[in-house]
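Every number in this text was worked out from the coordinates using simple rules, so none of it is lab data. Note that this is a predicted model, so its numbers are computed, not measured. Every residue, glycine among them, receives a Cβ derived from its backbone with ideal geometry; neighbour counts consider all protein chains shown.
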Amino acid sequence: MFQVDIIEQCKQNNRKAQLQLYNQYCDGMYSVAKRFLKDADDAEDVVQEAFIKAFSKLNQYKAEVTFGAWLKRIVVNKSIDFLKSKKQQLVELDEVHLKVVDTSEDDKWSVEDAITLSDVKKAINNLPEKYQYVVMLYLIDGYDHQEISEILNISEVASRTQLSRGKIKLQELLTLKKNGTRY
């Protein structure tokens, strides 16, 4: 069954098609939520809520992007809403102190060859929250600064600045110290 057919059937409340769509995307969306929430139960709750919202708002899906990308944005927004509801508010920088960051620097993400993906994920988790979310959305989820600014409700300048500062902090965390250890 083609993706378009499944979505059309879901719009008509076909439970079998909804289950098929859910099974196709649930693991990937869980991974996205888990990157934000850390707690497995919270991530599962957010994914369930995201699917409920997606199925209830399916008539708004216009296929301008893939269904997976549309759903992923719902999961990211639900994750951030969950964090806000738990009083883990995102710390916004005072825009008066922001500087415009050269965009060509945004794409320079080099680390030592000995550093693993696991090391990078651990380092991202150790970033301050105000940098962590922008770095995750940019580096891992592939959002641009305009999308990040909409998701986090910050300006594009704040997104660029937080990414730049987060990248510097991330590189500091990943820099190998004496004799190839990070200790």
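Given points 7 Å out from each Cα along the Cα-Cβ axis, report the V4 to V65 separation in nanometres with one decimal. The answer from the label model is 2.1 nm.
Of the chymotrypsin sites (Phe, Trp or Tyr not before Pro) found in the range 1-57, those that fall in a DSSP loop while having at most 11 other beta-carbon atoms within 10 Å are F2.
The alpha carbons of the range 1-91 occupy a box of 42, 23, 18 Å along the principal axes, longest dimension given first.
Provide the FRET efficiency to the nearest 0.05 for the C26-Q146 pair, computing r from the beta carbons and using R0 = 35 Å.
In this case the efficiency is close to 0.80.
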